[in-house]
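The values are calculated or read from the model by the stated rules, or taken from the named source; none is laboratory data. Quick caveat: nothing in here was measured; it's all calculated off a predicted structure. Backbone-built Cβ (ideal geometry, glycine too); neighbour counts: all protein chains shown.
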Amino acid sequence: MKKHIILLIIILYSSFGFSQLNEKKDITILKKLTLEEINYSLKSKTDKGTYLIGITCDFSVWGECTAFVFKNFAGSWELKDKLTFSNTNGEIEEFTSNENLIYFGSHSAGGSSGNGSYYFNAFSFDESKFYSLEYSWSDFKYSSYGFSNIEAINNNIVLDYLEKKASESEYVYKPTTELTLEESWKIENKNIYEKIFKGKTEIVFKYDNSEYEFENKVAENSKYIIYNVFKGNMYGFKKSTKEYFIIWVPSWNYDTTKFVLLDNEDNTVFIQDSTLGSNGARVYINLDTKDIYAFYKRVGED
């Protein structure tokens, strides 16, 4: 479960000193030092000195935030480093420190396009330097994801800590040893989005007798039930074998396929995929024979 920072005073004790989170007097000092509206603060006393970190978020710039780190010297505060990062919802996750570093996580969503990034951020006490490990993903066509800058983090203590946080994060994709229906569909139907416009070809279905739950069915006849998931896949249920299967995965996973018709005589599904071609496409799939073909839509065509 995600641990969100809340604006309360929390005092965390450890063997190396202590850290205090979002204390009013610390936020006031940070406002004086930065002349910014500070949303989060963390004061950390370590054997390397006393540090004060503040984070301000500008929601007018799509969740852009800046973190400042100051170190106490002679009763004053010296700026050691600052980091500007994207943070869509303005929530800082797991804002904490230990004897080596200060850590926090931030999430940047890509809106309705199905992409985004998660940032694992750390400030090294030894180097007086920020590091940020970015994990990004995209649902355009086949999903892509991965870390973009592991090689840039040359501090092994920081990298090991960030790897631990990433291994615990729900944002990081960790593949299991079993293929899902969607993964099987993508493998078996590779290049289907191009082949269907070259003439009649065949689609491959994999059936599953597990239980699936859908909010609404869009069509039903004597042999099949059709379910269409908003910003997801189109599923079928074969009554004779009581099995579920995926009929269609949009070429852009975060889009919604439009269901048009289920023919009761030959069990052909007529759908529209708006992600194929400049105006979308009409796709015809026979659920019995697995025959499939498509036509690009013309301008103004429904």
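Numbers at a glance
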{"item": "Neighbours by Cβ (under 9 Å, 6+ apart or cross-chain): first from the range 191-203, without any contact (Cβ under 8 Å) to a residue 40 or more places away in the chain; second of a type outside the set (A, V, I, L, M)", "result": "Lys195/Asn189; Lys195/Thr201; Lys198/Tyr293"}
{"item": "In the range 287-300, the residues that are under 16 Å from Met234 (Cβ atoms) and either without any contact (Cβ under 8 Å) to a residue 60 or more places away in the chain or exposed (fewer than 13 other Cβ atoms within 10 Å of the Cβ) (or both)", "result": "Lys290"}
{"item": "Top-ranked residue in the range 74-115 [being at pLDDT below 90 and on the phi > 0 side of the Ramachandran plot; ranked as surrounded by the fewest Cβ atoms within 10 Å (Cβ to Cβ)]", "result": "Gly111"}
{"item": "Identity of the residue in the range 173-187, outside the structural domain of Ser251 (by TED's automatic domain parsing) and more than 21 Å from Glu211 (Cα to Cα), that ends up surrounded by the most Cβ atoms within 10 Å (Cβ to Cβ)", "result": "Tyr173"}
{"item": "Subset tally (residues that are free of Cβ contacts under 8 Å to residues at least 40 places away in the same chain and of a type in the set (A, V, I, L, M)) for the range 167-181", "result": "1"}
{"item": "Matching strands (runs of 3 or more DSSP E) fully within the range 244-286 where at least 1 residues are buried (at least 17 other Cβ atoms within 10 Å of the Cβ), out of contact with any Phe, Trp or Tyr (no Cβ under 9 Å at 6 or more places or on another chain) and of a type outside the set (Lys, Arg)", "result": "281-286"}
{"item": "Flag for Lys48 being of a type outside the set (S, T, N, Q), at pLDDT below 95 and within 27 Å of Tyr135 (Cβ to Cβ)", "result": "no"}
{"item": "Tyr161 vs. criteria buried (at least 17 other Cβ atoms within 10 Å of the Cβ) and assigned by TED's automatic domain parsing to the domain that holds Glu99", "result": "yes"}
